[in-house]
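So the structure is just underneath, and the comments pick up after that.
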Amino acid sequence: MKEVKPMIKHFLNIADYSSDQLKQIIRDALALKSSPDRGNNMLNAKTIALLFEKPSTRTRISFEVGVHQLGGAPIVLDNKSMQLGRGETVADTAKVMSRYVDAIMIRADSHDTVLELADHAAIPVINGLTDQSHPCQVMADVMTVAEYKAPDLNFANIKVAWLGEGNNVSHSWIEAAARFGFTLSLATPDQLQPDANIIAKAQAEGGAITLTNDPADAIKDADVVVTDTWLSMSNFGSASGQKDIDAHKDKLTPYRVTAIRMKEAAADAIFMHCLPVYRGNEADAEVVDGAQSVIWDEAENRLHVQKAIMCFCLNS
Ligand code: CP
Ligand code: NVA
């Protein structure tokens, strides 16, 4: 029988949705966080597949717990134990899974895999990190910024500084700047800049985004200071191995968030990191574990915002 696909609400990138829709997800997440029943029947016994091609602590646990709290059933899968790992196509996998489960969250090596899965699935697909983006993470990050700096969800006077590699997480921050309206200043080495197309698109959509290689310039008066690992999972498989890692570290050392560097931000700035963090590389331990760090709230908010995202995708 020919499949007729209804409109499906995937969650693949922040740029796919409007400012109003994204702010509503943040509002829903804040409500779920303070709700005594934790939204206990909102998924109404739906089954959600959580498919991992790469390691995960936060994404795996927060999605699995979140599905339970909403009254659904999670199934955790990894590609190696599926026929996907033996050459079954992504398209066939998407079609089969659509007959069993109600939504798929996937963490994939390549963003193209997620696009292909979404293209062939008859159910919502949620991006739980690719080499290109990490939208669930940055939705949790924006929720955390809202809690500390913008309870009315007006981000117009907020400056966010990103120090380090222009990677998947930075791409989602760039898209978020265009939708939520904060200023984003990224300081990256010349050789490790974010994707120029993602920046250009976000700027064309009104995003106040600047790119520099001077960390002092980016962090000046920032309300939010963000960094990430020097070695993303997509770089681990590189053929040149340890040499690549060392070269990467050399380039990124000037972008380390030290306690002295942190003083160049606004006096009440918060420090954020999606985790896992490597103390002494991208940030000093005294910053990561210091009074301005909000990393544990940020990690917790993954749970709340992903519950809101699942409801957004599944309860139209
Ligand atoms: N921040 C994040 O996505 O963490 P995990 O890799 O542990 O899921
Ligand atoms: N940029 C990191 C984020 C980990 C959650 C990576 O892709 O490995």
Q.
I need the full set of residues from region 243-302 which are crowded, with 18+ Cβ neighbours inside 10 Å, free of Cβ contacts under 8 Å to residues at least 40 places away in the same chain and within 16 Å of ligand 1 (Cβ to nearest atom), in order please.
A. 288, 293, 295
Q: Among the candidates 93, 59, single out the residue that is part of a helix (DSSP H, G or I) and under 18 Å from the mean Cα position of the chain (by Cα).
A: 59
**Q.** Only one of 114, 101 that is surrounded by 14 or more Cβ atoms within 10 Å (Cβ to Cβ), closer than 18 Å to residue 16 by Cα and in contact (Cβ under 8 Å) with a residue 24 or more places away in the chain
**A.** 114
(Q) Being within 16 Å of ligand 2 (Cβ to nearest atom) and either more than 25 Å from residue 302 (Cβ to Cβ) or of a type in the set (Val, Ile, Thr) (or both) is true for just one of 260, 209, 199, 245. Which residue is that? (A) 245
**Q.** Among (1) closer than 22 Å to residue 144 by Cβ; (2) among the basic types (Lys, Arg); (3) within 13 Å of ligand 1 (Cβ to nearest atom), the one test that residue 54 misses
**A.** (1)
Q. How many residues does region 200-227 contain that are assigned to a helix (DSSP H, G or I) and either free of Cβ contacts under 8 Å to residues at least 24 places away in the same chain or at positive phi (or both)?
A. 2
Q. Restricting attention to region 232-251, which residues are at pLDDT 70 or above and either in a helix (DSSP H, G or I) or over 16 Å from the mean Cα position of the chain (by Cα) (or both)?
A. 233, 234, 235, 245, 246, 247, 248, 249, 250, 251
Q | Every residue from region 159-177 that is farther than 20 Å from residue 277 by Cβ and either open to solvent by 20 Å² or more (accessible area, probe 1.4 Å) or not hydrophobic (A, V, I, L, M, F, W, C) (or both) | A | 159, 175
Q. Any idea how many residues of region 153-199 are free of Cβ contacts under 8 Å to residues at least 60 places away in the same chain, among the small types (Gly, Ala, Ser) and not in a helix (DSSP H, G or I)?
A. 3
(Q) Every residue in region 52-97 that is farther than 14 Å from residue 307 by Cβ, open to solvent by less than 20 Å² (accessible area, probe 1.4 Å) and polar (S, T, N, Q), please. (A) 93
**Q.** Only one of 189, 151 that is under 20 Å from residue 20 (Cβ atoms) and either at pLDDT 95 or above or in contact with a Cys (Cβ under 7 Å, 6 or more places away or on another chain) (or both)
**A.** 151
**Q.** Scope region 275-294; condition in contact with a strand residue (DSSP E or B) (Cβ under 8 Å, 6 or more places away or on another chain), within 16 Å of ligand 2 (Cβ to nearest atom) and among the hydrophobic types (A, V, I, L, M, F, W, C); matching residues
**A.** 277, 283, 288
Q.
Could you check region 57-78 and list, in sequence order, the residues that are within 16 Å of ligand 1 (Cβ to nearest atom), free of Cβ contacts under 8 Å to residues at least 60 places away in the same chain and of a type outside the set (A, V, I, L, M, F, W, C)?
A. 60, 64, 74, 78
Q. For region 130-150, which residues satisfy the criterion of being open to solvent by 10 Å² or more (accessible area, probe 1.4 Å) and either out of contact with any helix residue (DSSP H, G or I) (no Cβ under 6 Å at 6 or more places or on another chain) or without any contact (Cβ under 8 Å) to a residue 40 or more places away in the chain (or both)?
A. 147, 148, 149
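Select, from 46, 9, the only residue that is open to solvent by less than 80 Å² (accessible area, probe 1.4 Å), touching a Cys at 6+ places or on another chain (Cβ under 6 Å) and more than 16 Å from ligand 1 (Cβ to nearest atom).
One residue alone meets the criteria, 9.
The values are calculated or read from the model by the stated rules, or taken from the named source; none is laboratory data. This is a predicted model, so every value here is computed, not measured. A quick note on method: Cβ atoms are made from the backbone with ideal geometry, for glycine too, and the neighbour counts reach across all protein chains shown. Just so you know, the surface numbers come from the protein's heavy atoms only, side chains and all, with ligands and any DNA or RNA stripped out. Shrake-Rupley method; radii C 1.70, N 1.55, O 1.52, S 1.80 Å.
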